[in-house]
1. About the Cα centre, and with charges only on the beta carbon of Lys, Arg (+1) and Asp, Glu (-1), how big is the dipole of segment 75-158? Nearest 20 debye, please.
2. Where Lys and Arg each count +1 and Asp and Glu each count -1, what net charge lies around Pro160 among other residues with Cβ under 13 Å from its Cβ?
3. Taking the Cβ of Trp88 as the center, what net charge do the other residues with Cβ under 14 Å away carry, scoring Lys and Arg +1 and Asp and Glu -1?
4. Based on Cβ point charges of +1 for Lys and Arg and -1 for Asp and Glu, what charge dipole magnitude is obtained for segment 1-56 about its Cα centre, in debye rounded to the nearest 20?
5. Could you point to the residue in Ala25, His7, Cys50 farthest towards the positive end of segment 1-57's charge dipole, with +1 and -1 charges on the Cβ of Lys/Arg and Asp/Glu respectively?
6. Just how large is the dipole of the chain about the Cα centre, in debye to the nearest 20, putting +1 at every Lys and Arg Cβ and -1 at every Asp and Glu Cβ?
7. Hey, any idea what Rg/Rh is for the chain, computing Rh the Kirkwood way over Cα pairs?
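Any read-out appearing in this document is the output of simple, stated calculations on the displayed coordinates, not a laboratory observation. Given the structure is predicted, the values throughout are model-derived calculations rather than measurements. Note: ideal-geometry Cβ built from the backbone for every residue, glycine included; neighbour counts use all protein chains shown.
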Amino acid sequence: MPTLELHELVDCATDEQEAVIRNVAYKAGVLWPCLNADCRRDQPRSAPRCTSCGCDRKGRPIGDSWPITYGPISGHLLADLREALVEWFTERGRPLPDAVSFEYTDQYESHEWSDWGSLHFGGRTDPYCDFHTSIVAEILTEISDDEAPQHNDVLTIALPR
């Protein structure tokens with residue numbers, strides 16, 4: 001049987017056939033539709049977020065997220081971190097991302113949140129932003145002191161719009 005890419009089928013289809021192909025792809029789990037009313041673009045199975053608008057599979061914008069293994073972060077530390085991030089970007093005249101993600105690090109056996117983060121702008125992610133020696137890094141250390149993150153944990157903080 002010949003192998004075809006999904007886009008090859010869609011390109012050759014009529015509007016009615018295209019709708020059938022998309023429905024089959026959704027049911028088979030090969031694609032998922034972005035549920036953001038302003039976007040509605042199809043995404044591949046492997047995409048955790050829409051590559052166009054950044055919303056998750058339920059159509060929600062990027063929000064706070066921390067691993068299930070990690071206990072709840074105290075409200076004041078979460079608010080302090082969000083405020084420090086906004087201040088950091090404002091002071092440098094840099095565009096405010098939708099969210100910033102920090103990963104677990106065991107550098108020097110510290111077992112804490114890394115002081116560098118990934119910046120999320122809708123469907124685009126900038127993989128490295130250094131917050132070393134800033135108030136952001138101090139707050140991340142404070143959060144780690146409450147409960148050390150586990151290997152592969154990711155902490156995502158949504159920033160206000």
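1. It works out to roughly 540 debye.
2. -2
3. Details: positive: Arg82, Arg92, Arg94; negative: Asp80, Glu83, Glu87, Glu91, Asp115, Asp130, Glu138.
Around Trp88, the surrounding residues sum to -4.
4. Once rounded to the nearest 20, the dipole reads 300 debye.
5. Cys50
6. Taking the Cα centre of the chain as origin, the dipole is about 880 debye.
7. Rg/Rh for the chain comes to 1.10.
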